[in-house]
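S.K.: Before I ask anything, here is the structure I am working with.
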Amino acid sequence: MALPKLNSAPVYEMTVPSTGQNVTYRPFLVKEQKNLLIAFEAQNRRDLVRAVQRTIEACVEDNIDNNLTTFDVDYMFTKIRSKSVGETADILVPCSECETKNEVKVDLDDVTVDSEIPEMMIPITDDVSVQMKFPTYDDFLGNTTLLESTTVTEALLQLIITCMDSVLTEEERYSLRDETAEDVINFLESMTSEQFEKVSQFANNIPNVTKEISFSCESCGHKNEKTLKGLDDFF
């Protein structure tokens, strides 16, 4: 005889930040929490991202785009987590004065995405434009050069490349996934400083999940004001 089915999970609603799609979701169950804990304990970034993505796929009841942006994933997982194991999280935050780590309680329901969706089509010249896209975690994990960048300049260059989807002229559209890495870099390096600034501004202003916090250091008493950004800051 089959065992009884436990727990009719409550259903909640949220909006996917990059698309505005309203979706319903349930809290994660023990089977999903177990996979998250295993990935977290292994301290493997790739496995943890995969576990977070699978949790979202399992808990969201509507059809969603498989190419969720990084901030979609961060926001949606934070919302699911808040309804699963508690609407607050205790995190350790270093004091900006003495660097002592303080335990701060954060209300996850107050987490927001920090900026409006920018213009995705960037004019470079009168007849050449670049279609941008927001990166996904698969983009990051698949770009070994980006992950292994040792300088800020190289990391920014690789991030811009990750955010560039295609180049458009009056006659043609060039999908950059079909071009060699060398050709894409040569295209970027042929830009003027002003043109490069346009695409770098897009990469520098990718939306993020954020939360403003304040606390007095338990060690030195310094009043701290800090903005938490990205999933790593919250868990």
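S.K.: May I ask you to rank Leu228, Leu29, Leu48, Leu157 by accessible area, largest first, using a 1.4 Å probe over the protein chains only?
M.R.: Largest accessible area first, the list is Leu29, Leu48, Leu157, Leu228.
S.K.: Using 0.36 nm times the number of residues separating Asn67 and Asp183, minus their current alpha carbon distance, what extension gain do you get?
M.R.: 39.3 nm is the gain from fully extending Asn67 to Asp183.
S.K.: Shifting gears a bit: Quick one: ranking Arg46, Arg173, Arg26 by accessible area, 1.4 Å probe, largest first, what do you get?
M.R.: Most to least solvent-accessible, the answer reads Arg173, Arg46, Arg26.
S.K.: Can you spot the lysines whose alpha carbon is less than 28 Å from Lys223's alpha carbon? Ignore those fewer than 8 places along the same chain.
M.R.: Lys101, Lys105, Lys211
S.K.: Ratio of Rg to Rh for the range 125-224, alpha carbon only, Kirkwood?
M.R.: 1.14
S.K.: What does the C-alpha gyration tensor say about the overall shape of the range 142-197? Classify as rounded when a/c is under 1.5, otherwise prolate if a/b is larger than b/c, or oblate.
M.R.: Cα axes put the range 142-197 in the oblate bin.
S.K.: Taking 1 over the mean of 1/r across every pair of different Cα atoms in the chain, what Kirkwood radius in Å do you get?
M.R.: Over the chain, the inverse of the mean reciprocal pair distance is 20.2 Å.
S.K.: Place +1 on the Cβ of every Lys and Arg and -1 on the Cβ of every Asp and Glu in the range 12-160, take the dipole about the Cα centre, and give the residue among Val16, Met120, Gln43 whose Cα lies farthest towards its positive end.
M.R.: Final value for the positive-end residue is Gln43.
S.K.: May I ask which residue of Leu92, Phe234, Ala203 lies farthest towards the positive end of the charge dipole of the range 79-235, with charges of +1 (Lys, Arg) and -1 (Asp, Glu) on Cβ and the Cα centre as origin?
M.R.: It is Leu92.
S.K.: Mind checking the dipole of the range 21-136: about its Cα centre, +1 per Lys or Arg Cβ, -1 per Asp or Glu Cβ, Debye to the nearest 20?
M.R.: My answer is approximately 760 debye.
S.K.: Over the range 132-171, what percent of the accessible surface lies on carbon and sulfur atoms, probe 1.4 Å?
M.R.: 54 percent
S.K.: Toward the positive end of the charge dipole of the chain, about the Cα centre and with charges on Cβ (Lys, Arg +1; Asp, Glu -1), which of Thr69, Val152, His222 goes farthest?
M.R.: Checking the options against the dipole of the chain, the answer is His222.
S.K.: Using a 10 Å Cβ count of at most 16 others and DSSP loop calls, identify the longest part of the chain lacking such GluC sites (Glu not before Pro).
M.R.: 1-60
S.K.: Right, next: Quick one: compute a quarter of the convex hull surface over the Cα atoms of the range 29-92 and quote it in nm².
M.R.: Taking the Cα atoms of the range 29-92, their convex hull projects to 4.8 nm² on average.
S.K.: Follow-up. If you put +1 on each Lys and Arg Cβ and -1 on each Asp and Glu Cβ, how big is the dipole of the range 75-216 around its Cα centre, in Debye rounded to 20?
M.R.: That gives the range 75-216 a dipole magnitude of about 720 debye.
S.K.: A further question follows. Just how much of Ser214 is accessible, in Å², when a 1.4 Å probe is used and the result is rounded to the nearest 10?
M.R.: Using a 1.4 Å probe on the heavy atoms, I get roughly 60 Å².
S.K.: Could you state the number of Å between the C-alpha centres of the range 60-96 and the range 180-199?
M.R.: 34 Å
S.K.: From largest accessible area down, sort Met164, Met121; use a 1.4 Å probe on the protein chains.
M.R.: Largest to smallest exposure gives the sequence Met121, Met164.
S.K.: Between Gln21 and Met191, what length comes free when the chain is fully extended (0.36 nm per residue of separation minus the Cα-Cα distance, one decimal in nm)?
M.R.: Additional length available on full extension: 57.6 nm.
S.K.: Using the reciprocal of the averaged 1/r over all distinct C-alpha pairs, how large is the Kirkwood radius of the range 5-137 in Å?
M.R.: 17.1 Å
S.K.: Sticking with this one: Work out the length of the dipole vector of the range 118-159 about its Cα centre, built from +1 on the beta-carbon of each Lys and Arg and -1 on the beta-carbon of each Asp and Glu, and round it to the nearest 20 debye.
M.R.: Charge dipole, the range 118-159, about its Cα centre: 100 debye, nearest 20.
S.K.: Also: Measuring with a 1.4 Å probe in the full set of protein chains, what accessible area per residue, in whole Å², belongs to the range 87-235?
M.R.: 59 Å²
The values are calculated or read from the model by the stated rules, or taken from the named source; none is laboratory data. Please read these numbers as outputs of a predicted model, since none were measured by experiment. As a convention, Cβ positions derive from the backbone with ideal geometry for all residues, glycine included, and neighbour counts pool all protein chains shown. The protein model used for the area step is the full one, side chains on, heavy atoms only, and it has no ligands, DNA or RNA in it. Shrake-Rupley method; radii C 1.70, N 1.55, O 1.52, S 1.80 Å.
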